[in-house]
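Only one structure is covered here, and it is reproduced in the block below.
The values are calculated or read from the model by the stated rules, or taken from the named source; none is laboratory data. Predicted model only: the values in this text are computed from it and were never measured. With ideal geometry, Cβ positions are generated from the backbone for all residues, glycine too; neighbour counts draw on all protein chains shown. In case anyone asks, the SASA skips ligands and DNA or RNA and just uses the protein heavy atoms, side chains included. Shrake-Rupley method; radii C 1.70, N 1.55, O 1.52, S 1.80 Å.
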Amino acid sequence: PAVTSPCKILKCNSEFWAATSGSHHVGAEEAPEFCTALRAYAHCTRRTARTCRGDLAYHSAVHGIDDLMVQHNCSKDGPTSQPRLRTLPPGDSQERSDSPEICHYEKSFHKHSAAPNYTHCGLFGDPHLRTFTDTFQTCKVQGAWPLIDNNYLNVQVTNTPVLPGSSATATSKLTIIFKSFQECVDQKVYQAEMDELPAAFADGSKNGGDKHGANSLKITEKVSGQHIEIQAKYIGTTIVVRQVGRYLTFAVRMPEEVVNAVEDRDSQGLYLCLRGCPLNQQIDFQTIRSAQATEGRARRKGPSLPAPPEAFTYETATAKCREKLPVEDLYFQSCVFDLLTTGDVNFMLAAYYAFEDVKMLHSNKDKLHLYERTRDLAPGNTAPMGTHPTLWVALLCLSQCWLCFL
């Protein structure tokens, strides 16, 4: 089974957020209760300090606590029970409608030009990657890998084995770092892992901090513990994170201008959403799918996979996936692939929700479905898209015969 992290910083963050009811600016009469919640938060981080030494979210939380202690004149000594602060009225919450224009991407960057071209990237299942250029890949990428790495944000995923002894992996941890940007937002870290999908950043806040345009970055919980959405208006970006079964899915909508905002493009070779998975990490989807159809379940190179918890045949996996994905595109094929390699029906839902996110986030509705392309041939021997290779061989023979008659 996939190993969960012993670092419990996400639990500390969630408890603090629950205790403060999402309040960001507390009045003088609430300061004692807020300080009590802060001390409880600090106590929780100390309990998990030994197992969180290398965790970015942990260090961000510790620094955030110190800053809040100073801002609210809180003493480090005192009660640490966690009273729940009363929710502030909508007009007094941390929501701000007066963000400067520079904190709204479409207004500031494109005031006198055409609307930006938005792109999409998604990662789901075992794991399947759709890049910003609509390339679809099935990859191994076990361990930590960068999905996005540009001037505005970093996204890193950690993929762990689904079954002991198997090369099948799925996303068990996700870290998103929004970098500080002018007067809009402070640096914010969001971190999720299996069974922990917080509705707040690592420091307990739900927006971009104390700056004037803080509301240009905010988190919305769509389904508790299952689905959150992050809006980063200052860079025109929407991120969707879901927990489906035990694993996470990721989807993003981002302007091309932001996608390509990197200091040194040549150094971005491992930026998966932009460049795709390295060749040695890619799985030959066509060959494996053919094996699935003939052998009843997928077999990868190397040792045979152990029997999954629930054995699917190619026919039963196909029927199951068709319940949610009636169009036999690559999302459908990835669903079949995952059911055969893992036996976990939640992977069907992961493929379904990944496609639902594409429908919401992709700007070109004609490119929602992706289908397998004819393999690249050597230069000068390229067949038109969608033409069967056998037909081209037949046509070539006929043309040679016709020349003989002439």
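Output yes when any residue across segment 210-217 is surrounded by 21 or more Cβ atoms within 10 Å (Cβ to Cβ), in a loop (DSSP other than H, G, I, E, B) and not charged (D, E, K, R), and no when none is. Among the residues of segment 210-217, at least one is surrounded by 21 or more Cβ atoms within 10 Å (Cβ to Cβ), in a loop (DSSP other than H, G, I, E, B) and not charged (D, E, K, R), which makes the answer yes. Scanning segment 72-84 for residues that are surrounded by 13 or more Cβ atoms within 10 Å (Cβ to Cβ) and at pLDDT 80 or above, we see that the one that is nearest to the chain's Cα centre (by Cα) is H72.
Within segment 40-63, if we keep just the residues that are at pLDDT 85 or above and of a type in the set (G, A, S), the residue that is nearest to E193 (Cα to Cα) turns out to be A61. For segment 191-209, the set of residues classified as more than 25 Å from T342 (Cβ to Cβ), assigned to a loop (DSSP other than H, G, I, E, B) and open to solvent by less than 30 Å² (accessible area, probe 1.4 Å) consists of P198, A199, A200, F201, A202, G204, S205, G208, G209, listed by residue number. Does segment 218-232 include one or more residues that are open to solvent by 50 Å² or more (accessible area, probe 1.4 Å), in contact with a strand residue (DSSP E or B) (Cβ under 8 Å, 6 or more places away or on another chain) and among the hydroxyl-bearing types (S, T, Y)? Looking for residues that are open to solvent by 50 Å² or more (accessible area, probe 1.4 Å), in contact with a strand residue (DSSP E or B) (Cβ under 8 Å, 6 or more places away or on another chain) and among the hydroxyl-bearing types (S, T, Y), one finds at least one in segment 218-232, hence yes.
The single condition among (1) modelled with pLDDT of 85 or more; (2) assigned to a loop (DSSP other than H, G, I, E, B); (3) open to solvent by less than 20 Å² (accessible area, probe 1.4 Å) that S23 does not satisfy is (1). For segment 227-239, state whether one or more residues are touching a His at 6+ places or on another chain (Cβ under 8 Å), of a type in the set (K, R) and not in a loop (DSSP other than H, G, I, E, B). Yes, segment 227-239 contains a residue that is touching a His at 6+ places or on another chain (Cβ under 8 Å), of a type in the set (K, R) and not in a loop (DSSP other than H, G, I, E, B). When segment 128-158 is filtered for residues that are surrounded by fewer than 23 Cβ atoms within 10 Å (Cβ to Cβ), outside any loop (DSSP other than H, G, I, E, B) and among the charged types (D, E, K, R), only D149 remains.
Listed residues A319, A251; which is among the aliphatic types (A, V, I, L, M), surrounded by fewer than 19 Cβ atoms within 10 Å (Cβ to Cβ) and modelled with pLDDT of 90 or more?
Working: A251 fails: surrounded by fewer than 19 Cβ atoms within 10 Å (Cβ to Cβ).
Just one listed residue meets the conditions, A319.
In a residue-by-residue description of segment 180-190, the property of being under 18 Å from the mean Cα position of the chain (by Cα) and either over 30 Å from C44 (Cβ atoms) or not in a strand (DSSP E or B) (or both) applies to no position. Annotation: of all residues in segment 159-179 being touching an Asp or Glu at 6+ places or on another chain (Cβ under 8 Å) and part of a loop (DSSP other than H, G, I, E, B), the one that is least open to solvent (accessible area, probe 1.4 Å) is A168.
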